[in-house]
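Everything on this sheet refers to the single structure shown next.
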Amino acid sequence: MSAAGLDYDLSGVELLADLSPAEWSKIDALCTWQDVPSGDHVFRRGEKSDSFYFLVKGKLRAISYRSGEQEVAFADVTRGGSFGELSAIDGEARSADMVAVEDSVVGAITRQQFRDLLARHPSVALRMLSLFTRVVRQANDRVVDLSTRSPVQRVYSELLRESQPDPSGSGAWMIDPMPRHEEIASWAGTTTETVARAVGQLMKLGMVKRQGKARQGKALFLIDRTHIQKLATVS
């Protein structure tokens, strides 16, 4: 199964942006293509697979676990992204689960094909270093956040991260639609009960409010974003 047969190609892959269509076609021919339905895994932590992947449709999430059970989201990979570089570089087991958040399509090349790609194309190697640096910085930020803030503060931080200015010009910030508590809990490294309690506290204080119909998904408005920022950072 090829990307062309699926009406997808590698032209939007950030890692390969400096290559020509002819080179994209060569890499496409190397790929083993896979549909990954929402909720399914591409691989799991501890697996000995070492393929490298391109994501041409959908959205994936890197997940680990605290104390073996509590789910913690570390990063999202969106269309045009790539992943699996750690095991493709050192041959060691996978360091996290990679699960589809949406129906996705990935193309896989072998570890040797990945290494050959880097050797043949210095521009790809430089982009790989840049992407790898970004991953390391994001992981460092997540570790600091998880180790220095309380669970409730991490929920507040996640609400702030998800929020955008209200396009109506009200001056408030909003999250539309409001994610499920399970998703917020995963990013905050805590439980759904903590998420419910934290959001409930903000609602009682008048700092947030819900608005919208249930079928369409309710939005959460951050009425006093500045105060929430202080609550998220105060020790």
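The values are calculated or read from the model by the stated rules, or taken from the named source; none is laboratory data. Keep in mind that this is a model prediction, so the values were computed, not measured. Ideal geometry is used to build each Cβ from the backbone, glycine not excepted, and the neighbour counts take in all protein chains shown. For accessibility, only protein heavy atoms count, side chains too; no ligands or nucleic acids. Shrake-Rupley method; radii C 1.70, N 1.55, O 1.52, S 1.80 Å.
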Problem set entry | With all protein chains modelled, accessible area of W187 [1.4 Å, Å²] | 20
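Carbon and sulfur: what percent of the chain's accessible surface (1.4 Å probe)?
On the way: 6390 of 12640 Å².
Reported share for carbon and sulfur atoms: 51 percent.
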Exercise. So how compact is segment 167-226: Cα radius of gyration and Dmax in angstrom?
Worked result: 11.8, 34
For this session: Can you pull the one-decimal nm distance between simple spin-label points at S11 and S25, each 7 Å off the Cα toward Cβ?
Result: 1.3
Exercise. Accessible area per residue, 1.4 Å probe, Å², for segment 96-219: what's the number?
Worked result: 55
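Can you give the FRET efficiency for F132 and R66, using 1/(1 + (r/R0)^6), R0 = 30 Å, r = Cβ-Cβ distance, to the nearest 0.05?
Values: r = 24 Å, r/R0 = 0.81.
My answer for the efficiency is 0.80.
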For this session: Translational diffusion coefficient, Stokes-Einstein: compute it for segment 1-126 using the Kirkwood radius over C-alpha pairs as Rh, at 25 °C and 0.890 mPa s, and state it as an integer in µm² s⁻¹.
Result: 166
Problem set entry | Pairwise label distance in nanometres, T192 with T32, each label 7 Å out on the Cα-Cβ vector | 3.5
Seminar exercise, completed: The extension gain from D18 to K230, computed as 0.36 nm times the residue separation minus the Cα-Cα distance, is 72.0 nm
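May I ask for the percentage of alpha-carbon pairs in segment 63-173 that lie more than 25 Å from each other? Mind dumping the intermediate values first?
On the way: 2384 of 6105 pairs.
Every Cα pair in segment 63-173 considered, those over 25 Å come to 39 percent.
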For this session: Among (1) 21.9; (2) 14.8; (3) 11.0, find the value of mean projected area of the Cα convex hull in nm² that was calculated from the structure presented, and write down its label.
Result: (2)
For this session: Calculate, for V143 and A219, the FRET efficiency according to 1/(1 + (r/R0)^6) with r their C-beta to C-beta distance and R0 35 Å; round to the nearest 0.05.
Result: 0.65
For this session: Would you calculate the separation in nanometres between label points at D103 and K48, each defined as 7 Å from the Cα along the Cα-to-beta-carbon direction?
Result: 3.5
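Nearest 0.05, what FRET efficiency do L205 and H41 give at R0 = 25 Å with Cβ-Cβ as r? Before the final figure, lay out the partial values.
Values: r = 40 Å, r/R0 = 1.58.
Using R0 = 25 Å, I get an efficiency of 0.05.
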